[in-house]
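For reference, the structure discussed in these notes is given below.
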Amino acid sequence: ETLTVQELANRMSERAVDVVRLLMKQGVMKKITDLIDADTAQLIAEELGHTVRRVAESDVEEGLFDAPDAPESLKPRPPVVTIMGHVDHGKTSLLDAIRQTNVVKGEAGGITQHIGAYQVTSPLGGKITFIDTPGHAAFTAMRARGAKSTDIVVLVVAADDGVKPQTAEAINHARAAGVPIIVAINKVDKPEAKPEKVRSELLQYEIQVESLGGETLEVEVSAKARTNLDKLLEIIQLQSEILELKANPDRPAEGTVIEAKLDRGRGPVATALVQRGTLYQGDIVVAGSEWGRVRALVTDQGDTTPEAGPSMPVEILGFNGAPEAGDRIAVVENEARAREIADYRTRQKREQAAARAVVRVSGLEQMMSQIKVAGKKEFPLVIKGDVQGSVEAIVQALEKVGNDEVGVRVLLSGAGGVTESDVILASASNAVVIGFNVRALKEARDAAERTGTEIRYYNIIYDLVDDIKAAMSGMLSPER
Ligand code: GDP
């Protein structure tokens, strides 16, 4: 275990310079940002008259997030919705239009704040929470950090343009996350709108809407003419009732950071989506490596509120620093505990960064050992190829190499170069990206570097299948 001089000082509530001075006396020259080992830390702490309790690293986060709630404590909660779709198909317009329908009538141009998410009431009376950052990048980035923040995806497809590459991407991302899709065919006010064409194009992606005899809920809308927005909200509520979304409101709050920033006047501000429990003003919260005491909670209407229950987005004021979008938030019992967790995570981040810089274990090998340990039976892959035909051939060949114990799971496959979004999708599921006769774009390579995701290139299907086979047989019989 290692920590910096500053962290040690924080934990003892001593001044860092005093620790530096004491270290110097012992013949150890350190700056406050330098790392010291656990034994040295203990020595210093005892020297300063503190009792030392060494905590196993693995104990630090114990009890956070994992304790399930008793079934009888669960109450219905509003759904959390993300709008996805191709650029210019009207995601932002739709989010704005929905928000405006809900501004209290008579309150001309009623003031709403952009805090990263907002809540509206459907005509059926239920509440619905919308994540205010459209698109799958934010969605998947959050998922990559372990946050499941979306219950329903509204897939927006412009009726004058039809299914486009990012429409397909959005479908893949929603599927990989196991989130149900509602189709909103937008821009039906346009004379050139062809909603029927959209419906039939979606069939290619295995989305069969209700009017074609399928199960996917759909609605024709116009964000511009504000047509059928109420219908969309009703359908969302309907879908959420099918999902039977529930959470226990009577427990310390847990949630996810949707957005965070450093505000000039207000200090660090984090928008949280509460996922279970109720968050109160005065609570001690940790998120990522930041913590704080909740000074105020602010709603999307700009009002302060004393508390926020499940699925409610609120701004939290009072953090010591801005956490990151996707960080999970938990209420803890006291400041000492908050500081301990925040310090632990700071150390972890640092160690992970160091580990990434030093050893680059092959993603495939790493995945195998993970699978061995966790007893996982799936081998997740993202496959991109030069032409659809070769991609299909690869997927078919790989499907055959599985057996009862392990199998390939293709999260996404398609023609085209490896994109940043492919890599982020892969990293969210610990998958390896396969590029067949294609290269990765620069942003994709950067994302791979950042997330520690492996991209492997092939130009012969046989080689690819062989590698995957070898990897899987390694998984099956480590002793041989
Ligand atoms: P985003 O990129 O998906 O967020 O799309 P935007 O919301 O920015 O919309 C792209 C363009 O389509 C803008 O010029 C909008 O005014 C226009 N637009 C969005 N919804 C509609 C609609 O229902 N009907 C028409 N005619 N135009 C729309």
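For the reader, a short list of remarks on this structure follows.
- Cross-link table K148/K400; K75/K148; K194/K384; K442/K469, entries beyond 22 Å C-alpha to C-alpha: K148/K400; K194/K384; K442/K469
- Charged side chains reduced to their Cβ positions (Lys and Arg at +1, Asp and Glu at -1) give segment 156-216 a dipole of some 80 debye around its Cα centre.
- Each other residue within a Cβ distance under 11 Å of A397 adds +1 if Lys or Arg and -1 if Asp or Glu, for a net charge of -1.
- Mean shadow area of segment 173-299, taken as a quarter of the surface of its Cα convex hull (nm²): 11.5 nm²
- Spherically averaged projected area in nm², based on the convex hull that wraps the Cα atoms of segment 394-480: 6.0 nm²
- Accessible surface, per residue, of segment 180-311 when the full set of protein chains is kept, probe 1.4 Å, Å²: 47 Å²
- With contacts taken as Cα pairs under 8 Å at a separation of at least 6 residues, segment 158-312 carries a relative contact order of 15 percent.
- Across segment 180-233, the volume of the C-alpha convex hull divided among the residues equals 76 Å³ per residue.
- Rounded to the nearest 10 Å², the accessible area of M29 at probe 1.4 Å: 140 Å²
- Remark: relative contact order (the chain) = 12 percent; criterion is Cα-Cα distance under 8 angstrom and separation of 6 or more residues.
- All-pairs Cα distance distribution in the chain, expressed in whole percent, bin size 20 Å: 21, 49, 27, 3, 0
- Note on the chain: antiparallel DSSP beta bridges, both residues inside, total approximately 55 percent of the bridges counted.
- Under 10 Å, Cβ to Cβ, from H50 - net charge with Lys/Arg +1 and Asp/Glu -1: -1
- For E196, solvent-accessible area (1.4 Å; no DNA, RNA or ligand), Å²: 110 Å²
- Estimated dipole of the chain in Debye, rounded to 20 [Cβ of Lys and Arg +1, of Asp and Glu -1, Cα centre]: 780 debye
- The heavy atoms of F139 offer some 20 square angstrom of accessible surface to a 1.4 angstrom probe.
- Whole-Hz couplings from phi, Karplus 6.51/-1.76/1.60, listed for segment 158-163; x for Gly and Pro: 6, 5, 8, 10, x, 6
- Rg/Rg_ref, segment 213-260, where Rg_ref = 2.2 N^0.38 Å and atoms are Cα: 1.66
The values are calculated or read from the model by the stated rules, or taken from the named source; none is laboratory data. Here the structure is a predicted model, which is why all the values come from computation and not from measurement. Backbone-built Cβ (ideal geometry, glycine too); neighbour counts: all protein chains shown. Just the protein is used for accessible areas: all its heavy atoms, side chains included, with ligands, DNA and RNA removed. Shrake-Rupley method; radii C 1.70, N 1.55, O 1.52, S 1.80 Å.
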